[in-house]
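The numbers here are math on the coordinates, done by the rules we state, and not lab data. In this text the structure is predicted, and so the values were computed from the model without any measurement. In this analysis, Cβ positions are derived from the backbone assuming ideal geometry, glycine residues included, and neighbour counts consider all displayed protein chains.
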Amino acid sequence: MKKLLTSLIIAALGFSIQCLHAQSSFATIIKNVNVRAQGVKHTLNSSRDTLLLKSDRKINYVYAINRSYKKELYDFIDDKSYKIPLTNFSAGKYTFVVGQSPLKIVFAIYIHKPNEEEVYILSNSSTYSTLD
């Protein structure tokens, strides 16, 4: 009985570690903590693959610069909230600038490259088995 209980605990522990590894984050945000930047809420959604911008005043524009100083995104918004999908970006660090007249709020997002195992799981998740 003790062996069965021990093996069940080890199996449950192994399964929980596997689940934690499979749910690694897609992106990490380094927020701007300046008092003046509190007017624009910049967060990631629960799956961490979309940037959510929200403000009580209108946001004029947003752009993102990669490590090579090239603009990967330049959108004129003119709205109080905006969503940016991060799945279109390649892996690396991006500096985001949100323009809200007269302020410019700057923060960084690191997009992590999924390892080969995660790519295999994601690519095979849409396949279906068929009966011959």
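Details
- Matching residues in segment 22-75 - criterion: being within 12 Å of I105 (Cα to Cα), touching a residue at least 40 places away in the same chain (Cβ under 8 Å), out of contact with any helix residue (DSSP H, G or I) (no Cβ under 9 Å at 6 or more places or on another chain) and among the charged types (D, E, K, R): R36
- The residue that is surrounded by the fewest Cβ atoms within 10 Å (Cβ to Cβ), among those in segment 34-50 that are of a type outside the set (K, R) and closer than 22 Å to P102 by Cα, is V35.
- Among the residues of segment 29-54, those that are part of a strand (DSSP E or B) and of a type in the set (D, E, K, R) comprise K41, K54.
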